[in-house]
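Data block below; observations after.
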């Protein structure tokens, strides 16, 4: 091999890492200078309040008032106090431009146990700590998902993957808002990694903690519990770990706030009433019940394929693909279409990158579908790079006017990722009895 070829191969990982860092930096620049800049101007023009805008604040304040002052975090009085911090003032129904989200405490009460060490600290310090905590656990989740998928990569490739993950819009938005979704995503990644490494009891414990956001955790929990029951003698430790921690959380919640679950159900109903949240499918297909019919069809199709894959052990490559499918299904059907939920698509993207040769070697339609998926994933960075370059070159007004560009693929991406990972799992299901796959790295 020529010296130039050796040098070229040695430079490829470095170039990949640099490009990933530049791409991620463009997204942060876009959010800080363009998106937030537009939002500030728009809020001022419409007299829309802006406070700390931290999604952690309602949970932190509710936990503080419950643990320190024995006040009900689901109460209307707490909601008003939350609004004063989150928005800067209480919302006024007489002002048509005020936000509709009342920012009530719409979480299971046992979330306060996670926040208990922070309730005695001033919130600005809590924000700073939680920001870097979410950065750390989100970066770790990339490595955990790789372990769960049984995919070994060199350190430079892992670093590039972490850079792109921390620089994708769902994660940047989650970090800006201090969204607990990022923590839940890391807990689910840790659970799958534990199972694939043989630590079933620990995996069950992490699954239980992840139910602080039940709508995001329970699809994976449900599938893994069925998976465990299919081979009870070998996998029962998963159920024991989950049951122990879940029991402690539920019992602890009942001790500190008796009857909390009725208040939680009411808070969830109120949350959906005033936010009018819809799933990704409802957003894309807003005609009557069509989105819900498609969601039911997607769930049933996944149940059929996942049932056969329940036979596979956690250290099999098909197991990771099945977990990725459940994550894609969750983003597709959960009644919330916020972009930060798409952090759950990280294992889907990783699985599809690993299986790229399988797609590209198939029919022309398969290749086209894969290339469209790659475009949908990459569009956010194409847009952020373009807008950031325009802003830095002096076209600030133009960049602010086109702030929506990175959102063009927001609703199409989960649907396309689900379709692609479904095809992967379908292929794996057809070969379950034929031995393990040879994955392409």
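The values are calculated or read from the model by the stated rules, or taken from the named source; none is laboratory data. Remember, predicted model here, so these are calculated numbers, not experimental data. FYI the Cβ positions are ideal-geometry reconstructions off the backbone, even for glycines, and counts take in every protein chain you see.
Observations on the structure shown:
- Contact annotation: residue pairs with Cβ atoms under 6 Å, 6 or more positions apart or on different chains, pairing a residue in the range 414-425 that is in contact (Cβ under 8 Å) with a residue 40 or more places away in the chain with a partner that is surrounded by fewer than 24 Cβ atoms within 10 Å (Cβ to Cβ) and not in a helix (DSSP H, G or I), are 424/355.
- Lone unmet requirement of (1) in contact (Cβ under 8 Å) with a residue 24 or more places away in the chain; (2) surrounded by fewer than 17 Cβ atoms within 10 Å (Cβ to Cβ) for residue 92: (1)
- Single residue of 422, 437, 418 found to be touching a helix residue (DSSP H, G or I) at 6+ places or on another chain (Cβ under 6 Å) and at pLDDT below 95: 437
- Residue in the range 69-76 that is out of contact with any strand residue (DSSP E or B) (no Cβ under 7 Å at 6 or more places or on another chain), closer than 21 Å to residue 113 by Cβ and in a helix (DSSP H, G or I) present: yes
- So residue 325, is it at pLDDT 90 or above, surrounded by fewer than 22 Cβ atoms within 10 Å (Cβ to Cβ) and under 20 Å from residue 189 (Cβ atoms): no
- Residue that is farthest from residue 378 (Cα to Cα) [pool: residues in the range 20-44 that are without any contact (Cβ under 8 Å) to a residue 24 or more places away in the chain and more than 24 Å from the chain's Cα centre (by Cα)]: 44
- Helices (runs of 4 or more DSSP H) within the range 238-354 that include 1 or more residues within 18 Å of the chain's Cα centre (by Cα): 280-284, 317-333, 346-354
- The range 45-66: number of residues that are assigned to a helix (DSSP H, G or I) and under 29 Å from residue 383 (Cβ atoms): 2
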